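The values are calculated or read from the model by the stated rules, or taken from the named source; none is laboratory data. Everything numeric here is computed off the predicted structure, so don't read it as measured data. Positions of Cβ are generated from backbone atoms using ideal geometry, with glycine treated the same way; all protein chains shown enter the neighbour counts.
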């Protein structure tokens with residue numbers, strides 16, 4: 001028993017020492033914390049991490065927001081007056097700040113780490129407003145500090161205040177297409193803008209080439225971009241960048257291109273037909289007015305010249321009614337002129353055609369007015385006398 005007493009005493013002494021060390025450590029920590037809280041902020045360090053070092057907010061903006069929260073300058077304030085958790089939450093209310101982290105280091109310096117949101121597309125609404133979206137589909141306002149070089153989408157029907165479910169789905173399609181363009185240097189240089197159609201599909205305007213790229217929906221957008229790239233390499237690089245007016249990517253596994261002028265020629269043909277009908281009607285009206293105002297009997301003339309119509313078998317008899325003349329007919333013209341004695345009329349040759357027979361068309365003669373010249377005789381006067389030769393008298397000397 002006597003041998004166990006020293007052993008127990010050592011164990012009790014060791015326990016007392018450990019307890020005292022623990023209490024001393026706690027006291028020191030509490031004292032250190034109290035001392036730190038009583039100290040003041042010596043400096044503020046702000047670190048902003050943005051996309052490619054492009055900042056839509058700067059250190060001054062962050063400092064101003066924090067000073068409004070703490071009512072005054074940060075530097076020099078007591079550390080125990082800073083509520084770091086509330087300051088982080090208030091900073092993250094800013095639409096451009098994705099994450100905020102604040103803490104004091106051992107040198108009593110307030111360190112602020114800001115993670116900025118990264119925009120992926122710029123959108124113009126149909127009302128004229130504009131905003132950015134990021135990868136989380138957050139609506140980001142424009143910044144006067146920096147303008148990001150991003151794919152541009154126009155004619156968005158929604159607003160940046162309230163988005164419907166269909167608007168969110170459309171923005172998700174915009175994000176996917178925009179990210180694909182951003183990650184490819186060729187498409188980033190080639191695509192000028194992307195228009196959103198009323199059917200919520202996409203049409204692209206390229207920077208090189210004068211055509212509209214009908215992209216359709218965002219479904220299989222990667223395959224559509226690959227097909228378009230093959231079309232550029234195998235077709236446009238050989239025939240020219242301006243040969244086609246539209247390039248349609250909506251068909252699976254193929255590209256449909258419409259040549260430039262195919263639709264324009266069709267529209268021009270319809271306009272030409274309407275124009276020729278108008279010309280024929282005007283010519284008919286003018287001929288009737290001329291016939292009422294001028295009634296001259298044309299003298300007969302055997303010097304008739306047959307006139308053939310350049311249109312081949314499309315030969316018409318005089319000025320027929322507008323319903324009898326085909327759309328491609330040419331209008332006839334009547335030319336009148338006035339002089340001091342009489343009005344000269346150039347008659348239009350008449351053409352006849354029998355639509356039910358195979359006979360050749362008959363041509364009417366062109367009647368010309370015989371012009372008579374008045375012969376003016378010179379009056380007979382006295383004949384001129386020739387001068388006589390005068391001989392000089394002979395000289396005897």
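For this structure, a couple of remarks:
- Meets criteria (out of contact with any helix residue (DSSP H, G or I) (no Cβ under 6 Å at 6 or more places or on another chain), surrounded by 15 or more Cβ atoms within 10 Å (Cβ to Cβ) and either assigned to a helix (DSSP H, G or I) or not assigned by TED's automatic domain parsing to the domain that holds residue 225 (or both)) for residue 194: no
- Test: residue in the range 173-191 that is outside any helix (DSSP H, G or I), under 16 Å from the mean Cα position of the chain (by Cα), buried (at least 19 other Cβ atoms within 10 Å of the Cβ) and assigned by TED's automatic domain parsing to the domain that holds residue 126: yes
- One residue from 89, 69 being without any contact (Cβ under 8 Å) to a residue 24 or more places away in the chain, touching a helix residue (DSSP H, G or I) at 6+ places or on another chain (Cβ under 6 Å) and part of a helix (DSSP H, G or I): 69
- Which numbered condition residue 128 fails, given (1) assigned by TED's automatic domain parsing to the domain that holds residue 203; (2) touching a strand residue (DSSP E or B) at 6+ places or on another chain (Cβ under 9 Å); (3) loosely packed, with under 13 Cβ neighbours inside 10 Å: (2)
- One residue alone among 57, 46 is touching a helix residue (DSSP H, G or I) at 6+ places or on another chain (Cβ under 6 Å), outside any helix (DSSP H, G or I), surrounded by 12 or more Cβ atoms within 10 Å (Cβ to Cβ) and at pLDDT 85 or above, and that residue is 46.
- Subset of the range 99-116 [in contact (Cβ under 8 Å) with a residue 40 or more places away in the chain and in contact with a helix residue (DSSP H, G or I) (Cβ under 9 Å, 6 or more places away or on another chain)]: 104, 108, 110, 112, 114, 116
- Test: residue in the range 150-161 that is under 16 Å from residue 56 (Cβ atoms), surrounded by 15 or more Cβ atoms within 10 Å (Cβ to Cβ) and under 19 Å from the mean Cα position of the chain (by Cα): yes
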